[in-house]
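Scroll down for the structure; my scribbles are underneath it.
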Amino acid sequence: MLVVMTGVPGVGKSTVVKKAFERAGERVKYEMVNYGDVMLGIAQEKKLVSHRDEMRKLPVDKQRDIQKSAAIKIRRMADERNIILDTHSTIETPKGFIPGMPEWVLRELRPECIVVLEAPPEDINKFRKKDLAGDFRRREVDNLEGIRLHQEVNRIVALSYSVITGTPIKIIHKPEGHLEEAADLLIGVLT
């Protein structure tokens, strides 16, 4: 089974998945896979890049080939075991939003469910500031309207993904202090 977990950067996808695994124990047997990590592995095998940031600089046709190869690899993994895929519905670029899972990726992945994790923009901003304080990730902060817009776009695009694949969508709202409730909702999807 393949469950796709999406959300804006800093919403807490990994945190909710880890908490769900912790709370469910043996009831939930899934492996968490990050789409970008699979893409990086493929690009490195082809000796196209040595680190993740170089992938963005590859010609678009090479990026698409890597993206499709990653989708095929992930689907094969999901045919053998339960996978929860950490990825993005959309990616915000200077030119606008681009789909994280274009049609050719969705057709290869064939997910059984798409989860959209959301939180109040103020909470996401706090999470992003914590990431910056730990020098863990580079994330934009203090743009609440931008976070709000990105979440709205993610919902619309996730619905489009559902139209293409017939895949159900589960929207999980996670206000600060409600991690356990969000994890329990995710467990309901995974069991």
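Couple of notes before you dig in:
- Among the residues of the range 158-191, those identified as hydrophobic (A, V, I, L, M, F, W, C) and in contact with a Phe, Trp or Tyr (Cβ under 8 Å, 6 or more places away or on another chain) are Ile169, Leu190.
- Residues in the range 161-191 that are assigned to a helix (DSSP H, G or I) and free of Cβ contacts under 8 Å to residues at least 40 places away in the same chain were compared, and the one that is farthest from Ala24 (Cα to Cα) is Val163.
- Val33 being within 22 Å of Ala182 (Cβ to Cβ), of a type outside the set (Ser, Thr, Tyr) and without any contact (Cβ under 8 Å) to a residue 60 or more places away in the chain: yes
- Candidate set from the range 24-36 (those that are outside any strand (DSSP E or B) and not hydrophobic (A, V, I, L, M, F, W, C)); member that is nearest to the chain's Cα centre (by Cα): Tyr35
- Residues that are more than 16 Å from the chain's Cα centre (by Cα) and closer than 20 Å to Leu186 by Cα were ranked within the range 99-126; the one that is surrounded by the fewest Cβ atoms within 10 Å (Cβ to Cβ) is Pro120.
- Selected residue (criterion: surrounded by the fewest Cβ atoms within 10 Å (Cβ to Cβ)) from residues of the range 1-23 that are assigned to a helix (DSSP H, G or I), touching a Phe, Trp or Tyr at 6+ places or on another chain (Cβ under 9 Å) and in contact (Cβ under 8 Å) with a residue 60 or more places away in the chain: Thr15
- Here Ile147 qualifies as in contact with a helix residue (DSSP H, G or I) (Cβ under 6 Å, 6 or more places away or on another chain) and either surrounded by 14 or more Cβ atoms within 10 Å (Cβ to Cβ) or at pLDDT 95 or above (or both).
The values are calculated or read from the model by the stated rules, or taken from the named source; none is laboratory data. None of the values given here were measured: they were computed from a predicted structure. As a convention, Cβ positions derive from the backbone with ideal geometry for all residues, glycine included, and neighbour counts pool all protein chains shown.
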